[in-house]
Amino acid sequence: MPETRSQLKLIKDADVWHESIAAKLDWLAPNPDDDIRHHLNNFVRCGKDTVVRTCRACEDYQVHPYGCSIKWCPRCNWKLAKARQEKLKVWAAHVKQPKHIVTTQKNFGVITRQKITDHTANQQRLRDSKVFEQVRGGCTSVEITNGGDGWHLHGHTLVDARWIDASELAVRWGEIVGQEFAIVKVKDARGREYCAELTKYIAKGNQIAAWQPEQIYEFILAIRRKRFFFQFGNLSEMRDAVKAQLEFQKPERIRCECGACNFVFKTVPGV
């Protein structure tokens, strides 16, 4: 029962954050190109439009809310996080010495696509450096925050490694991002629930909703079609095996009460 109440509160909060973001984007009234306009319209439709699923055999139907599946949408980002968590749990079962690494860098005033490109390239440079030579594999998740003192890009990396020298890591990461040193953390992840940390949202819904309209729009333009989750080493090598195990664990395909599983889907605009 407490878990159900918690889930209901999360859904309610996500609805509030979504509507707040949509209202701010509407107030800003941007004049984007057709691609961005379609992207924003898809976000606004989320939770308002409905999807009607009709059985081809008996014509019985069910109605479900429409989801945009946009990675920054408060109503949908949990689904992306959950899918990554399931993948990570399968791989982590084979890891005996997991380490959770956090890499940060100085805040900056404007977030752009180039800033994100540079950050992900720097994460790759770090993985290719000597400090990672004992790392057998892992994944990196990039998170963006803005608490009023500028944009902050940082990475959460889970590695399969016996040892990571935090001091050497701080110096090397600092060199890569053009700082004398950088704040980093290396935490032993054995016996801890680290999946949530490594599959965080790009930015939390409540944080996006608190930003100014111009900041939200700036953020959306910067992250459009950008990747924020990367696999490497033995995690990449196990990709097919992990996928096969997850497919095997999937529940049976949804069927109509008549027993058929062939449906027609139609999206109905909301009011």
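What follows is calculated from the coordinates using simple rules that are stated; it is not laboratory data. It should be emphasised that the depicted structure is a prediction, and the values quoted were computed from it without experimental measurement. Virtual Cβ from ideal backbone geometry, glycine too; neighbours counted across all protein chains shown.
For this structure, a couple of remarks:
- Backbone phi angles across the stretch 133-148, fed through the Karplus curve with coefficients 6.51, -1.76 and 1.60 (θ = phi - 60°), yield HN-Hα couplings of 5, 8, 7, 8, x, x, 8, 10, 10, 9, 10, 10, 10, 8, x, x Hz in residue order; Gly and Pro are listed as x.
- Least to most buried among Phe229, Phe108 (fewest other Cβ within 10 Å first): Phe108, Phe229
- Residue-averaged [θ]222 nm for the chain, counting only DSSP H segments that reach four residues, each worth -39500 (n - 2.57): -13500 deg cm²/dmol
- Across Lys24/Lys89; Lys87/Lys185; Lys96/Lys185; Lys115/Lys204; Lys48/Lys87; Lys204/Lys226, pairs whose alpha-carbon gap is larger than 27 Å: Lys24/Lys89; Lys48/Lys87
- For the stretch 77-249, averaging the sequence separation of C-alpha pairs within contact (under 8 Å, six or more residues apart) and dividing by the residue count gives a relative contact order of 36 percent.
- For volume of the Cα convex hull per residue in Å³, the candidate list reads (i) 164; (ii) 116; (iii) 132; the entry that matches the value derived from this model is (i).
- Ascending count of other beta-carbon atoms within 10 Å, so fewest first, for Thr120, Thr103, Thr54, Thr140: Thr54, Thr120, Thr140, Thr103
- Among Asp188, Asp15, Asp60: highest mean-square fluctuation, GNM of the chain, C-alpha pairs under 10 Å: Asp60
- Within the listed set Val242, Val184, Val51, the residue fluctuating most in the Gaussian network model of the chain (springs between alpha-carbon atoms under 10 angstrom) is Val51.
- Likely footprinting exposure, Glu252, Glu175, Glu214, fewest C-beta neighbours within 10 Å first: Glu252, Glu214, Glu175
- Selected from Lys185, Lys71, Lys99 as most flexible by GNM, with the chain as the system and alpha-carbon contacts under 10 Å: Lys185
- Projecting the Cα atoms of Gly109, Ile202, Ser69 onto the charge dipole of the stretch 60-214 (Cβ charges, centred on the Cα centre) puts Ser69 farthest toward the positive pole.
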